[in-house]
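Enquirer: Got a structure for you, questions after.
The values are calculated or read from the model by the stated rules, or taken from the named source; none is laboratory data. What you see is a predicted model; the values in this text were computed from it and never measured. Every residue, glycine as well, gets a Cβ built from its backbone with ideal geometry; the counts of neighbours run over all protein chains shown. Accessible surface is based on the protein model in full, side chains and every heavy atom, while ligands, DNA and RNA are left aside. Shrake-Rupley method; radii C 1.70, N 1.55, O 1.52, S 1.80 Å.
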Amino acid sequence: MLEIIESLIPTNIDFTTALLIIVLCAFIDILSPGVLAITAYILLIQRGKLASRLMFFLISTQFCYFMMGILVYLGVGQIIGFIESMSRSQISSWFYTILGAILVLISFYKPKKKMESRFLEWLPAQVSIRAMIILGIIVFAIEFTTALPYFYSILLMDGLAFNTGLSIIILIGYNVIMVLPSILLLIVFILYKNWIMNKLEQLRTKIVKAPLSSVLVGAAVIGAILFNIGIRGI
């Protein structure tokens, strides 16, 4: 995989053009289903300390990406070999395909009344910081092999012999752009906390009062989306 990416790297472009390519790659990497899904999940279930929980999740995910980027930039052979083997196994694509298929199959289940009450009791009301960090690492482990624009940008900086300090700054900026939708949601939440908390509480109430069959319909839609994402990568 990395050999193919390296073959696509131009050698005769200026710094401005290279930077524009890197920024474009970063915006392509914005659409991370894992990060967006966990962000939505936290917004729906977390009643208190929402901002801190979301920040811990984003920091843990992007710290993993940043460290992976540094190691690839420095040319650590074992890391590059690991990425190659993981990309060939298509683990993330298979994960989304299987998870999507499971959600679609679950949606055909006809729930009983007792099952609805058990389901609502099972849903957590709060998420700990430790859980957020673990979720961040899990999302990174599932999705990092699909971040081809990220690796392209790293190898582009290396191929054009960017200054190491400048490359690190660009990597930090890249990682910020990758989670920009979640950061913008967090900023909006901080600025309009009371109004948003009121709206989220109304949404939670509707979800709790909704029959489990409605939740299963939502699971079917999410499953179909995940299945489509996964099957395209296989």
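Enquirer: Take the residues in region 41-63 that are polar (S, T, N, Q) and open to solvent by 10 Å² or more (accessible area, probe 1.4 Å); name whichever of them is nearest to residue 143 (Cα to Cα). Steps first, answer last, please.
Expert: We begin by selecting, within region 41-63, every residue polar (S, T, N, Q); these are 46, 52, 60-62.
Keeping just the survivors that are open to solvent by 10 Å² or more (accessible area, probe 1.4 Å) gives 52, 60, 62.
On the way: 52: 23, 60: 14, 62: 12 Å.
The residue in question is 62.
For every residue, the table says whether it meets (1) surrounded by 19 or more Cβ atoms within 10 Å (Cβ to Cβ); (2) assigned to a helix (DSSP H, G or I); (3) at pLDDT below 85.
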{"site": "158", "(1), (2), (3)": "no, yes, yes"}
{"site": "165", "(1), (2), (3)": "no, yes, no"}
{"site": "176", "(1), (2), (3)": "no, yes, no"}
{"site": "182", "(1), (2), (3)": "yes, yes, yes"}
{"site": "198", "(1), (2), (3)": "no, yes, yes"}
{"site": "204", "(1), (2), (3)": "no, yes, yes"}
{"site": "207", "(1), (2), (3)": "no, yes, yes"}
{"site": "221", "(1), (2), (3)": "no, yes, yes"}
